[in-house]
Amino acid sequence: MGPNAVVSAQNLGLTFKTNDGDVVALSDVSLTIDKGEFVSFIGPSGCGKTTFLRTIADLEQPTSGTLRINGQTPENARRERAYGYVFQAPALYPWRTIEKNVALPLEIMGYSGSQQAERIKRTMDLVNLSGFEKKYPWQLSGGMQQRASIARALAFDADLLLMDEPFGALDEIVRDHLNSELLKLWAATQKTICFVTHSIPEAVYLSTKIVVMSPRPGRVTDVIESDLPRERPLDIRETPEFLAIAVRVRDGLRAGHSYEEHV
Amino acid sequence: MSQLQYFLSLVTGGVCAAALALSLVTPFETGLLLKTFLALGVLSLIRFILPLGLWIDGILALLGAAAVLISIGVFTPTPPYFWMALVAAWLFGWLFVERLSKTLAPRLSDNGGLGLLIPVVFGLSILVIWEVATRAGNVPQVILPPPSMIWARITASVPTLFADFQQTFLKAVLIGYVLGCGLGFVVAILIDRSPFLKSGLLPLGNFVSALPIVGVAPIMVMWFGFDWPSKAAVVIIMTFFPMLVNTVAGLNASSAIERDLMRTYAAGYWQTLMKLRLPAAGPFIFNALKINSTLALIGAIVAEFFGTPIVGMGFRISTEVGRMNVDMVWAEIAVAAVAGSVFYGVIVLIERAVTFWHPSVRGA
Amino acid sequence: MSFATSRHECTARVPAMKRTLPIIIVLLAIVLVWYAAAIGMNAQWQNDVYRRADITNVPATQFIIDTWNQEKPVLPTAHQVFGELWNSTALVAPNKPRSLIFHAWVTFSATALGFVMGSLLGIALAVMIVHNEAMNRSLMPWIVASQTIPILALAPLIVVIGFNIFTGTMGIPTDPARLMSKAIISAYLSFFPVAVGMVKGLRSPEAIQLDLMHTYSASANQTFWKLRWPAAMPYLFASLKVGVAASLVGAIVGELPTGAVAGLGARLLAGSYYSQTIQIWAALFAASILAALLVIAVGIVERLVNRAMGARPA
């Protein structure tokens, strides 16, 4: 575990006990994520990618192995508000305006009124939602709602951003747009990002490191370091370098051979 | 013209023609207004050659109603063509409503006030038929007094009605309602932290809602005396359980993602309660408040059937029924109806202001 | 995510024992509180009894047992209430006026008659409202508004006038007349929830489901029987449960003002006239049991209908 490790997992395992018997959601996962990395987790349904993210966030508890966030237990890291979490759905509270939604974590964490106002302004600028502060979530499009939920996760300046298929419910065009914005945001804030996705192009386009996972039991089958430059215009996706990484990811997924056998 | 409209037009014209024919045997001066209406009604058959606007039907319905109302008491005994004119007026009203609702956009409630016109027309036609049928038909007052008589009774007994309203509504209902709903809410919050208590109390709470709780009234009268506290006690018991059950359900209404979000902020129990779970429970709580507004009034009135001081809406209803002062009973029921719907309406207004974000309110 | 949800689904399948245990404990707690309250609430009367009989130095246990077994207690205890229930059901012939079964039957027959009439009327009206825009616009606002007013207040009026019309004008004997007039109250109390629930149910099919029927160029009749009616079943049974409970309340309240001598409502009223608290409580429990049985009966019919329709058991 290097000094720069933000997330470090050793032989991590998680088994859910159900009436139908045990389900091994994570098996023997060892992984280190360094500061400033953009790590994508990709794999078919049930491969444990979301479970791993939730374990980092202390929303699930591992049943074996060790997991350290900034050198602390996940629970302590959560109590110290070490990360911001972006869920599959925006989960904005419909009774709060957009700015009040962004203010929610700040209120809970006890920021003063002036600090709240300053942070709301900054994060709303960051996600290009200035001018929509007084709107209610249901008055905004899906893409804007998800941007607001990213602003909410950024508002309290945690160094680690956990994103669970944040753009999964959006259409391709909006998704492309938000992906390039997310890269800019990452460059501007220098945060460490863990990103769960179903989409190979999305994973390759965004990441410095791609973790390929496979189900039954949920495990890591490949870790691919991306040598793409940090500056990535959208048309980088047509370059041979990009396609080479995408092919490797696809091979990794196929090696997990889950699609053909079960389903 | 739809099949139904075609049919209605034909029948209406036919009824008018038949009634006009019957009325022609009487002297020319009697029931002139009725005859005018019937003649115009026959003329409306022209629509099969020359289309008539739906407002013509509306005006004819209005004219018919007026003619029939004014002609009450002109004849003794009431001739058949009078009743046929009433039927014709009603048919014109129906035709008007049928055609108007076809022109309005389906399923849209507003339409700039026009949508509101239809239920008003319906309500007015019920009142007119009621008035005409009871007065011209010589229905005994003890069975059904005409609306005009009920209205006269209301205006003549404002002090009595207000005293009853004060005793039943302002004291028993409001106090019982506030205490019962408040208690249900507080208990729901208290048992919220204990899954054991929740799983023990919720099925019981659901079960109780099916029981005839008003039956506790005699016990409450025995315990708390004849005056309003015993009625308030009945109201408390009746309103407690719906509030308890709905609040507990509402506190569980927030989604798993929303609760996970609070957990990632390491938010405490009370923070989660105040910032997430209570706002999310709002629609459920208002649902209980609405159900309870009706239950409270029912509870207080029925409890008074078991004994009261000589004032109160339920007391008045049960004693005046016994004395066959039916108009007073109807007056009291009218007051109860107005009080009930205003009470409900006020809660709906508050609900719209508080849970403005909920899809059911947003859509309305 | 998928794991998390599957785990929640599994925890929902709790064994029956685990579900009933909290209810049993809460019930036990209620009984405990009940007996404790009975001591406190009946103490004053008990002390008066002792004073009048010049009894002093009553041991605490004797005092407690005495408060639990008074003849006209402020708060009768559970064993007194259930004893009275037992005495007035099992030990009396069911055709005697002292039998609670007799009274329950009187109330039940009015409830059932009214409930059937009210439900049929409510369903019929809902069908018309869904199919005719003018009916919808004329009636729906009034039906909805009528749910906000205390229509039960009309009960005494309907009972007395209905009774007079039935016996006077129509010459019907008193007992059926009384039954009919109570049934009318029951009918119109169950009518409103059933009509509203059924309208909601018949309108519950989604636009795409209706569009599908449209692509088959199905007639209004076919759309009704193949889509709207089956879709309305859950709504219908939910409102029937509300309706049957309301019908029972209507029948009981209908027994209050007539000077009726039969029925659970009359039993309540008689109990309150003569301060027969045990009798009041027994009548109240009988009414509750009747209500539960009625709701359960509707539930059984619901299950049978669901099975006949091949619906997934809930």
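On the first, second and third principal axes, largest extent first, how far apart are the outermost C-alpha atoms of the protein assembly as shown in Å?
107, 101, 58 Å, listed from the longest principal axis down.
Would you calculate the separation in nanometres between label points at B:Ile70 and B:Leu190, each defined as 7 Å from the Cα along the Cα-to-beta-carbon direction?
6.8 nm
Taking the dipole about the Cα centre of chain C, with the C-beta of Lys and Arg at +1 and of Asp and Glu at -1, give me whichever of C:Ala262, C:Ile123, C:Ala29 is farthest to the positive side.
The residue sitting farthest along the positive end of the dipole is C:Ile123.
Projecting each Cα onto the charge dipole of the range C:134-220 (Lys/Arg +1, Asp/Glu -1 at the beta carbon, about the Cα centre), which of C:Gly162, C:Ala220, C:Val144 comes out farthest on the positive side?
So the residue furthest toward the plus end is C:Gly162.
Along each of the three principal axes of the Cα atoms of chain B, give the extent in whole Å, ordering the values from largest to smallest.
Here the Cα extents, ordered largest to smallest, are 87, 52, 30 Å.
Using a Cα distance threshold of under 24 Å, what count of lysine pairs results for chain A when pairs must be 8 or more residues apart or interchain?
17
Dividing the alpha-carbon radius of gyration of the range A:94-154 by 2.2 N^0.38 Å (N being the number of residues), what value is obtained?
1.00
Working from the alpha-carbon coordinates of the range B:3-139, get Rg over Rh, Rh being the Kirkwood radius.
1.00
So between C:Asn69 and C:Leu28, what do we pick up on full extension, going 0.36 nm a residue minus the alpha carbon distance?
Extending this stretch completely gives an extra 12.8 nm.
Could you calculate the contour length gain from B:Ala18 to B:Ile46, that is, 0.36 nm times the residue separation minus the distance between their Cα atoms, to one decimal place in nm?
8.4 nm
Under 37 °C and 0.692 mPa s, how fast does the range A:190-232 diffuse according to Stokes-Einstein, given a Kirkwood radius computed over C-alpha pairs? Answer in µm²/s, whole number.
286 µm²/s
Going by alpha carbons, how many degrees (0 to 90, nearest 10) lie between the helix axis of C:155-164 and the longest principal axis of chain C?
The two axes meet at around 90 degrees.
Please give, to one decimal in nm, the separation of the simple spin-label points placed at A:Glu107 and A:Asn19, each 7 Å out from Cα toward the Cβ.
3.9 nm
Rounded to the nearest 5, what % of the DSSP beta bridges within the protein assembly as shown are antiparallel ones?
55 percent
Say R0 is 22 Å: what FRET efficiency, to the nearest 0.05, do C:Ala292 and C:Val261 get from their beta-carbon distance?
My answer for the efficiency is 0.30.
What distance in nm separates the simple spin-label points at C:Tyr50 and B:Thr26, each placed 7 Å from Cα in the Cβ direction?
Distance between the two pseudo-spin positions: 8.4 nm.
With only Lys, Arg, Asp and Glu charged, each at its Cβ (+1 for the first two, -1 for the last two), find how big the charge dipole of chain A is about the Cα centre; round to the nearest 20 debye.
I would put it at about 700 debye.
Relative contact order of chain B, please, whole-number percent, based on alpha carbon pairs below 8 angstrom and at least 6 residues apart.
Reported as a whole number, the value is 15 percent.
Whole percent per 10 Å bin, from 0 to the bin with the longest distance: what is P(r) over all C-alpha pairs of the range B:155-363?
Histogramming the range B:155-363 at 10 Å steps yields 9, 30, 30, 18, 10, 3, 1 percent.
Ignoring solvent entirely, what values of log10 I(q)/I(0) come out of the Debye formula for chain C at 0.06, 0.15, 0.16 Å⁻¹ when each Cα is a single scatterer?
Listed by q, the Debye log ratios stand at -0.32, -1.22, -1.28.
Can you flag which of B:Lys198/C:Lys241; C:Lys200/C:Lys226; B:Lys198/B:Lys275; B:Lys102/C:Lys182 are past 28 Å Cα-Cα?
B:Lys102/C:Lys182
Convert 20 °C to kelvin, take the viscosity as 1.002 mPa s, use the Kirkwood radius over C-alpha pairs of the range C:8-111 as Rh, and evaluate the Stokes-Einstein diffusion coefficient in µm²/s, rounded to a whole number.
124 µm²/s
Please report the relative contact order for chain A, taking Cα pairs under 8 Å with a sequence separation of at least 6, and give it as a percent rounded to a whole number.
Normalised by residue count, the contact order of chain A is 26 percent.
Given Cβ point charges of +1 (Lys, Arg) and -1 (Asp, Glu) and nothing else, what value in debye, to the nearest 20, does the dipole of chain C about its Cα centre take?
640 debye
Starting from a Cα-only point model with no solvent, please compute log10 I(q)/I(0) by Debye for chain A at q = 0.13, 0.15 1/Å.
Once normalised to I(0) and log-transformed, intensities are -0.86, -1.13.
A short reminder: the numbers here are calculations on the coordinates, not readings from a lab. Keep in mind that what you see is a predicted model, and the values were worked out from it rather than measured. Heads up, the Cβs are rebuilt from the backbone with ideal geometry, glycines too, and the neighbour counts pull from every protein chain shown.
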